[in-house]
Amino acid sequence: MTPTCTLVILGASGDLTERLLLPGIGSLLEREPDRALRIVGSDRAPMTDGEFGQLLMRTLTAGGAPEAVARRIADGAAYVCADVTDPSGLREVVGTAAGCAVGRRGSGRRAHQGAADGGGHLVLYFALPPAVTERACAALQEVDLPDRTHLAMEKPFGRDEASARELNERVATLVPEAQVHRVDHFLGKSTVLDLIALRFANRLFQAVWSAEHIESIEIAYDESLALEGRAGYYDHAGALRDMIQSHLLQVLALVAMEPPARITDRDLRDATATVLRATRLWGGGPETASRRARYTAGQIGDRQVPAYVDEDGVDPGRETETLAQVTVEVANPRWAGVPITLRSGKALGVTRKHVVITFADVRHLPDGLTGPDPQDQLVIGLSPDVMELRITTNGTSDPLALEQSVFATTLREAELEAYGEVLTGILDGDPMLTVRGDAAEECWRICDEVLAAWAGGTVPMEEYPAGAAVPRDWGAALD
Ligand SMILES: O=C1O[C@H](COP(=O)(O)O)[C@@H](O)[C@H](O)[C@H]1O
């Protein structure tokens, strides 16, 4: 019997827990119904163990957990009403989870996990707004944590490079880095993980994966979703912080990293952090390397979407962007000179979610072939999970005129949703599919300069009607 992992959800009555975290665990329990897991919830809102059990039943089964499995988890669950920014509240929560009294840090009454809790590790999952997470981490410094405590933290990790560094320093006083999981669900997306096999298990691509053969790269996540009632969060974040600072830079790191010798958490995260350290804005600075825009009223399918500034809960004075684009360069021998464009937006009529590798033209076309020579491209779909190789072939009507042929395939369907994949690692105590502290700081470093320029007004805020495509002059890789 494997030891029971105890998952403590701080923010158990919140939207994130209900919408993503618990359904993600449900999907994992569908695949692994016998997984030994105990869940303890905590929040400031009063709830009985029974009510928390009902929440678990509803959300775990919604994620795919069989009824009997969800019942087993719900029956073993506990709920603690507490303020987790207060050390005494946290001591009560950790004590309930660990099955013993927990003292002040350094008091000598060290909490230990053992028979009472199944002997596995304890995960404190911060499903909380970032400011509350920061205060809860400060309060945790006064709590005697069990040795095998892991911390799992949702994005955004910090507000900028300095605050991310400060938070990293605080977290380092609580548990070793290998026990910290900064959650980025894109690292659990099947096609993002496919990048590893695609790049390192195919001679065909391995040989051409460099500035010598690649002209440009685009990593885009253009969504048709608009605000969907998330103004409270999104209006303070915007597209750059919401998607580029976190998810898309992680994808870039996998696209551009050097081959790791082994796929272990250490080797993989060393390789991705090295790439991020070498990444800087393309060209002259944020004014030329970045664009931002905000949607006006429009229609997406049969949905009428109000202008962003008229959405419920939005403060029009905040100048929040709903479409952001940043072009960077990985300044190293493999990639120098290749523009890598990261883009994400909401309320778009054309939803491109992909990595596009655009190859350079051949150096010389034999005389007699009639151009133009369409550019060869590899398109890796992040959703849906498809891959396309767009290559030049002879024409249909004139065999010596060049045209583009597309070889497309649907990639394997993952058993687990991205969240479920990342949660599996966390519950197993494996940090590989989560973000290391230094990488989180680098992602902020890359974006801070852009955010400062935007705050200073040196990059104009553009507009696009909801339901439109990304503006043509932004230069998207595919029409
Ligand atoms: O983290 C986030 O990701 C979603 C996009 O990811 P998906 O897997 O749900 O497609 C994005 O819509 C959201 O704004 C962002 O916070």
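Values quoted throughout were computed directly from the atomic coordinates according to the rules given, and no laboratory measurement underlies them. For clarity, every value in this text was computed on a predicted model and none was experimentally measured. All Cβ positions, glycine included, derive from the backbone under ideal geometry; neighbour counts span all protein chains shown.
Observations on the structure shown:
- In terms of its alpha-carbon gyration tensor, the chain comes out prolate; a/c meets the 1.5 threshold, and the first ratio a/b outweighs b/c.
- The local environment of ASP75, defined by Cβ-Cβ distances under 12 Å, has a net charge of +2 under the rule Lys, Arg +1 and Asp, Glu -1.
- Cβ-Cβ FRET estimate between ARG363 and THR396, R0 fixed at 22 Å, reported to 0.05: 0.25
- Residue exposure sequence - THR358, THR320, THR409 - by fewest surrounding Cβ within 10 Å: THR409, THR358, THR320
- Shape call, region 228-380: gyration tensor on alpha carbons, a/c limit 1.5: oblate
- Size of electric dipole in the chain: Cβ of Lys, Arg +1 and of Asp, Glu -1, about Cα centre, debye, nearest 20: 1100 debye
- Estimated FRET transfer efficiency (ASP302, ARG104; beta-carbon r; R0 41 Å; 0.05): 0.10
- Packing-based exposure ordering (other Cβ within 10 Å, fewest first) of ILE391, ILE426: ILE391, ILE426
- If R0 is 51 Å, the Cβ-Cβ spacing of ARG58 and GLU212 corresponds to a FRET efficiency of close to 0.40.
- For region 5-154, a crude dipole built from +1 on the beta carbon of Lys and Arg and -1 on the beta carbon of Asp and Glu, taken about the Cα centre, is about 320 debye to the nearest 20.
- Put simply, the amide H of ALA152, placed in the peptide plane, has neighbours under 5 Å in LEU124, TYR125, PHE126, HIS181, leaving out anything fewer than 5 places away on its chain.
- Cβ-based exposure ranking for MET243, MET387, in which fewest neighbours within 10 Å come first: MET387, MET243
- Segment GLU228-LEU478, extension gain: residue separation times 0.36 nm, minus the distance between their alpha carbons: 87.3 nm
- Loop trypsin sites (Lys or Arg not before Pro), region 205-298, which have at most 13 other Cβ atoms in a 10 Å radius of their Cβ (DSSP): ARG262
- DSSP beta bridge pairing in the chain, given as percent antiparallel to the nearest 5: 55 percent
- Between GLU462 and SER88, residue separation times 0.36 nm minus the direct Cα-Cα distance comes to 129.8 nm.
- Tensor-based shape of region 273-356 (alpha-carbon gyration tensor, a/c under 1.5 rounded, otherwise prolate or oblate): prolate
- Structure-based [θ]222 nm, the chain - -39500 (n - 2.57) summed over DSSP H runs of at least 4, per residue, nearest 500: -9000 deg cm²/dmol
- The Cβ shell under 12 Å around GLU415 holds other residues with a net charge of -3, Lys and Arg each +1, Asp and Glu each -1.
- Extension gain, ALA469 back to SER383 (0.36 nm per residue minus Cα-Cα distance, nm): 29.2 nm
- Environment charge of THR17, counting only residues whose C-beta is closer than 11 Å and scoring Lys/Arg +1, Asp/Glu -1: -3
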